[in-house]
Amino acid sequence: MSTYLPTIKQLQYLVALHEHGHFGQAAKASFVSQSTLSAGIRELESLLGVTLVERSRRVVRFTPLGNAVVAKAHRLLREAEELSDLVQASGKPLQGELRMSVIPTIAPFFLPRILPRLRRERPNLRLFLREETSGDAVESLHHGRADCVLLALPFATGEVDKAHIADDRLFVAFPKDDPRDPPDSIPPAMIDENHLLLLEDGHCLKEHALSACNRPELRASATMIGTSLHTLVQMVDNGLGMTMLPEMAIDAGILHDTHVIARPLKARKASREIALIWRKNSPRAEEFRLLAQELQAG
């Protein structure tokens, strides 16, 4: 066997550069200096005797072979992660390092409620949190940057295992002086497609809201502009339209100090499923199920 093999660190640098397309951003994501990352990739190219990355002042372009090496590197890094998981799973559960990605429509409303208890009851658990949109979180999971993901379903997750955490009802939020005098529950037909404000693309809550309403014209007419639920609430409070909110955000006080009124959506699928997902056949599956139980108790 050749003793001149790529190191895990070199492959991590290469994958980070491919993901970010910029040496500085890749170095920041890798928690090293730009010169360290650049030197690591050059060492890898020298080791393999090939050019993987074409460099210029403005553009970072991977060669066809470079793209093939990145694809293989993803698989090798994932295998390395699973090896580490296997060792960690042999010890006591929920101890040591665990990296969890959480989507933005869950993180600020759910985590403050459960983290203090989790820190108190699991003092040896080092939980590293990363807030990402659903697509980015699932990609992080499959590429080994995250061990598990807390997100809302339905969403295309690929081959994963999951644990149900809770059902989260959807509410329609109106400005206080809405002339329609909102009833106790809101049928989809009452939603004005010309005044519906939703989160921009990349947030699964947008798809959950549109699917629950089952009105194709909403997809064509809704204004998808909000970068966060707090932004949408402020827009509704200023009379710019209506929006849809998950119950956990309302319970967490997102409407405090506003004049926004929220009523439950009256529809067949008027909720989203909050779930914890992890890679299929992960050696830490039992640990993730235990974490899911802790989250359910929150």
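The values are calculated or read from the model by the stated rules, or taken from the named source; none is laboratory data. All figures in this text were calculated on a predicted structure; none of them were measured in a lab. All Cβ positions, even for glycine, are placed from backbone atoms using ideal geometry, and neighbour counts span all protein chains on display. What goes into the accessible areas is simple: the full protein's heavy atoms, side chains included, and nothing from ligands, DNA or RNA. Shrake-Rupley method; radii C 1.70, N 1.55, O 1.52, S 1.80 Å.
Averaged per residue, what accessible area in Å² does the range 116-234 show with a 1.4 Å probe, protein chains only?
50 Å²
Over the range 13-105, what is the mean sequence separation of C-alpha contacts under 8 Å (at least six apart), divided by residue count, expressed as relative contact order in percent?
19 percent
Pick out which of SER282, SER134, SER33 has the largest mean-square fluctuation in a Gaussian network model of the chain, springs linking Cα atoms closer than 10 Å.
Comparing SER282, SER134, SER33 in a Gaussian network model of the chain, the most mobile one is SER33.
Could you work out which residue, out of ARG263, ARG55, ARG279, moves most in a Gaussian network model of the chain, that is, has the largest mean-square fluctuation with Cα springs under 10 Å?
So, out of ARG263, ARG55, ARG279, the one fluctuating most is ARG55.
Round to a whole number: what % of the accessible area of the range 212-298 belongs to carbon and sulfur, probe 1.4 Å?
46 percent
Within the range 25-112, what whole-number % of the accessible surface is contributed by carbon and sulfur, with the 1.4 Å probe and all protein chains included in the calculation?
55 percent
Distance between Cα centroids, the range 134-161 to the range 232-298: provide it in whole Å.
17 Å
Residue by residue through the range 99-112, what is 3J(HN,Hα) from phi via Karplus (6.51 cos²θ - 1.76 cosθ + 1.60, θ = phi - 60°)? Round to whole Hz and write x for glycine and proline.
Values, residue by residue: 9, 10, 8, 9, 7, x, 8, 10, 3, x, 9, 9, 5, x Hz.
Just to confirm the filter: which trypsin sites (Lys or Arg not before Pro) across the range 147-226 are DSSP coil and have at most 15 other Cβ within 10 angstrom of their Cβ?
Counting only loop positions with at most 15 other Cβ atoms within 10 Å, the trypsin sites (Lys or Arg not before Pro) in the range 147-226 are LYS176, ARG180.
With percent of Cα pairs over 31 Å apart in mind, check [x] 23; [y] 46; [z] 43 and report the label derived from this structure.
Step by step, percent of Cα pairs over 31 Å apart for this structure corresponds to label [z].
What relative contact order, as a whole-number percentage, does the chain give when Cα pairs under 8 Å and 6 or more residues apart are counted?
Rounded, it is 21 percent for the chain.
Run through every distinct alpha carbon pair of the range 1-150 and return the Kirkwood hydrodynamic radius in angstroms, one decimal place.
Final number for the Kirkwood radius of the range 1-150 is 17.3 Å.
So which of LYS72/LYS280; LYS9/LYS280; LYS206/LYS269 end up more than 21 Å apart by C-alpha?
Flagged as over cut-off: LYS9/LYS280.
Starting from the amide H of ARG99, placed 1.01 Å from N in the peptide plane, find each other amide H under 5 Å away whose residue is 5 or more places distant or on another chain.
Under 5 Å from the amide H of ARG99: PHE128, ASP147, CYS148.
Given labels modelled 7 Å from the Cα in the Cβ direction, how far is it in nm from ALA166 to LEU76?
With each label placed 7 Å out from Cα toward Cβ, I get 4.3 nm.
Out of VAL172, VAL138, VAL69, any idea which swings most in a Gaussian network model of the chain, alpha carbons joined below 10 Å?
So, out of VAL172, VAL138, VAL69, the one fluctuating most is VAL69.
GLU131's amide H: which non-local residues (gap 5+, or another chain) put their own amide H closer than 5 Å, with H modeled 1.01 Å from N in plane and none for Pro or chain starts?
Here VAL102 satisfy the definition.
Is the range 152-256 best put as rounded, prolate or oblate by its Cα gyration tensor, with a ≥ b ≥ c the root eigenvalues, rounded for a/c under 1.5, and otherwise prolate when a/b is larger than b/c, oblate when not?
prolate
Per residue of the range 46-52, in order, report the coupling 6.51 cos²θ - 1.76 cosθ + 1.60 (Karplus, θ = phi - 60°) as ³J(HN,Hα) in whole Hz, putting x for Gly and Pro.
Along the range 46-52, the couplings run 5, 4, 7, x, 9, 9, 9 Hz.
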